[in-house]
Amino acid sequence: MPNPQPRFAPRRELGRTGFAATRLGAGDLADRNVPIEQCVATLRRALDAGLNLVDTAPGYEDGYSEEIVGRALQGRRVGVFVIDKIDHLDRPVAAQVDASLARLRTDHTDLFVFHGVSRLSDWQALAAPGGGFEQLAACVRAGKTRFRGISSHHPDVLNAALDSKLCDVVMFPVGPFVDARYVTEILPRCKADGVGSVCFKTFGAGKLLGETEGYGRPLSARPRGKVSSGGGDAPAATLLARMDVDSCVRYTLTCDPDVALLGLSFPNEQDAAFAAAEAFRPMTAEEMDETRARAREAIEGKGACWWNPA
């Protein structure tokens, strides 16, 4: 029996990398409470669906994510764009790259990005002579990676990075509840400059879909309401608003980054996201406004949104 046709096919080039990426990418796959064999099978399930971009970082469960990606890609590395990260911005780059490659069980990635560069001072240090970008360029020359970039939670930093012409790909938030500048400034600049855009926070770290402070963490405090109970009113936890997967995915895909990087840690999460992407049709301006309004309601009471600068 021939293999079934994958659900997703490469859509367009990721910036100027020459790699044709699928609309969705697989990220956020790391939970030490789940056996590694199960995590590996889940990532391979996404690859079987056709997704061809995978994101990881040493800080995701202290290297567990990299180990999962390394195992999942054994025997199927060709045709997959692997993104890894440099977590410690103030430490030598080469040693961090080598440690990540060891956990990935490979001699190279496609892209290393400096992780969470959200202060201009950090960016300036990385871009300075002898700084992180120059050190990472040496890793490119050594064949340990092919491209360089940053992930960031600040539009000012992203604008400075794009001004520098040092980045091949940048990673930043795009979704129903993000600072508007990511969509109105950074995305258009990426397209104009030929810089790849890989975007996260479609679900607001899970806040838009459930009652969490982010990434499954329970709420440390929540609004209280009044409900009638027998002879009088009694305090009760207020049921917080939430959104659906389809609305969040549709919003991000309407914004049109090169790749929407989604948390796909479990088969049910994959199925919901895949179905939303397959049914995608662009939102109208009115639908975008309505979705943002729903997101503002759904995010309320769920803690800080660290991806939006104050």
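Okay, here's what the table says:
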| quantity | calculated |
| --- | --- |
| Subset of the range 141-158 [over 25 Å from K201 (Cβ atoms) and either touching a helix residue (DSSP H, G or I) at 6+ places or on another chain (Cβ under 6 Å) or crowded, with 16+ Cβ neighbours inside 10 Å (or both)] | K144, R146 |
| Filter pass, L162 being over 22 Å from G59 (Cβ atoms), assigned to a loop (DSSP other than H, G, I, E, B) and either without any contact (Cβ under 8 Å) to a residue 60 or more places away in the chain or of a type in the set (K, R) (or both) | no |
| Single residue of the range 248-280 satisfying the filter (of a type in the set (S, T, N, Q) and surrounded by fewer than 19 Cβ atoms within 10 Å (Cβ to Cβ)) that is modelled with the highest pLDDT | T254 |
| Strands (runs of 3 or more DSSP E) enclosed by the range 1-114 - at least 2 residues per element that are surrounded by fewer than 23 Cβ atoms within 10 Å (Cβ to Cβ) | none |
| Selection count where residues are in contact with a Ser or Thr (Cβ under 8 Å, 6 or more places away or on another chain), among the polar types (S, T, N, Q) and outside any loop (DSSP other than H, G, I, E, B), scope the range 253-303 | 2 |
| Test: residue in the range 104-121 that is aliphatic (A, V, I, L, M), more than 26 Å from G18 (Cβ to Cβ) and more than 22 Å from the chain's Cα centre (by Cα) | no |
| Any hit, the range 187-195, residues being at pLDDT 95 or above and within 15 Å of V113 (Cα to Cα) | yes |
| Single unsatisfied condition, G25 versus (1) out of contact with any Leu (no Cβ under 8 Å at 6 or more places or on another chain); (2) among the small types (G, A, S); (3) touching a residue at least 60 places away in the same chain (Cβ under 8 Å) | (1) |
| Qualifying residue in the range 66-77 (condition: modelled with pLDDT of 95 or more and under 17 Å from G116 (Cβ atoms)) | yes |
| Flag if T145 is outside any strand (DSSP E or B) and either at pLDDT below 95 or more than 21 Å from the chain's Cα centre (by Cα) (or both) | no |
| Enumeration of residues in the range 26-85 that are under 22 Å from D107 (Cα atoms) and polar (S, T, N, Q) | N52, T56, S65, Q74 |
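So that you can scan it fast, the table gives a plain yes or no per residue for (1) in a strand (DSSP E or B); (2) surrounded by fewer than 18 Cβ atoms within 10 Å (Cβ to Cβ); (3) in contact (Cβ under 8 Å) with a residue 24 or more places away in the chain; (4) basic (K, R):
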site: C167; (1), (2), (3), (4): no, no, yes, no
site: V170; (1), (2), (3), (4): yes, no, yes, no
site: T184; (1), (2), (3), (4): no, yes, no, no
site: A192; (1), (2), (3), (4): no, yes, no, no
site: A205; (1), (2), (3), (4): no, no, yes, no
site: L208; (1), (2), (3), (4): no, no, yes, no
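Per-residue answers, yes or no, for (1) of a type in the set (D, E); (2) over 18 Å from W306 (Cβ atoms):
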{"residue": "T145", "(1), (2)": "no, yes"}
{"residue": "H153", "(1), (2)": "no, no"}
{"residue": "P173", "(1), (2)": "no, no"}
{"residue": "P188", "(1), (2)": "no, yes"}
{"residue": "C199", "(1), (2)": "no, no"}
{"residue": "T202", "(1), (2)": "no, no"}
{"residue": "E213", "(1), (2)": "yes, no"}
{"residue": "R217", "(1), (2)": "no, no"}
{"residue": "A221", "(1), (2)": "no, no"}
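The values are calculated or read from the model by the stated rules, or taken from the named source; none is laboratory data. Remember, predicted model here, so these are calculated numbers, not experimental data. Virtual Cβ from ideal backbone geometry, glycine too; neighbours counted across all protein chains shown.
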